[in-house]
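First comes the structure, then the notes that go with it.
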Amino acid sequence: MPARKHIHAITLDEASFIKRSEVIEAERAVAMSDLLKENYFAPLKPNGEKFPGPFDLELGIEGGALSMIIRDHEHDHEIVKRIQISLTPFRTVVKEYFMICDTYYRVLKDASPSKIEAIDMGRKSIHNDGASLLMERMKKHVEMDEATARRIFTLICVLHIRV
């Protein structure tokens, strides 16, 4: 049943947050809403088989690692998998993504449509790079589609914000 291989609920470990800008909060809300509307997410057992799902996902950052706790949504929220992957490979792409998003939101009101479109294309390209990196780093643990990886990458970026 491929339809069951999805995230049913998602929570972010936000204990370290003081505040977030309205723009970042909006990005978080859209990513979470879109993720829950449509996603493909299939955690892998050690033998390569997929857990049945649906799943509840807890995302957080612990030290320099992305922490994922995946629970079975239908069976007492039992943990089916815990994953920690280093965020070191993501540093450059997250930094680039923050810089281009900052530029995008700064020029949005005053720049020409062609300049906004060019910056947005760059933003989408970097976002795709982050999603591809996430899929690569997670391939031994979870199978996911590109749209799901893009939304989770957005949430990883949100978790990086500490102001």
### Nearest-ten-degree value, helix 146-160 long axis tilted from longest Cα axis of the chain
70 degrees
### Query
Can you sort HIS6, HIS77, HIS160 by how many other beta carbons sit within 10 Å, fewest first?
HIS77, HIS160, HIS6
### Query
Thinking of the chain as a set of Cα atoms, what percent of all their pairs are more than 25 Å apart?
32 percent
### Summary
Least to most buried among ASP72, ASP129, by other C-beta atoms within 10 Å and fewest first, runs ASP129, ASP72
### Task
Please arrange GLU78, GLU143, GLU25 by counting, for each residue, the other beta carbons lying within 10 Å of its beta carbon, fewest first.
GLU78, GLU25, GLU143
### Message
Under the 0.36 nm per residue contour assumption, what length would be gained going from the current alpha-carbon distance of GLU58 and GLU143 to full extension?
### Response
28.9 nm
### Query
How far is helix 113-138 tilted off the main Cα axis of the chain, in degrees rounded to 10, range 0 to 90?
20 degrees
### Task
For ASP110 and GLU74, compute 0.36 nm times the residue count separating them, minus their Cα-Cα distance, and round to one decimal in nm.
8.0 nm
### Task
Distance from a point 7 Å along Cα→Cβ of SER86 to each backbone N in region 126-157: keep the residues under 18 Å and list them by number.
133-141
### Summary
In region 102-163, the trypsin sites (Lys or Arg not before Pro) that sit in a DSSP loop and have at most 14 other Cβ atoms within 10 Å of their own Cβ are LYS109, LYS139, LYS140, ARG162
### Query
Along the charge dipole of region 24-130, Cβ charges K/R +1 and D/E -1, which of PHE41, VAL107, LEU66 sits furthest on the positive end?
VAL107
#### Entry: Cα-centre dipole for region 2-160 with unit charges at Cβ (Lys and Arg positive, Asp and Glu negative), debye to 20
340 debye
### Task
Once you've got the GNM for the chain with C-alpha springs shorter than 10 Å, pick whichever of ILE152, ILE70, ILE24 has the biggest mean-square fluctuation.
ILE24
### Query
Based on the Cβ-Cβ distance from SER33 to ALA118, what FRET efficiency comes out when R0 is 25 Å, to the nearest 0.05?
0.35
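Just so you know, all these numbers are worked out from the coordinates, no wet-lab data involved. The shown structure was predicted, so the numbers you read here are calculated from the model rather than taken from an experiment. Positions of Cβ are backbone-derived with ideal geometry, glycine not excepted, and every protein chain shown enters the neighbour counts.
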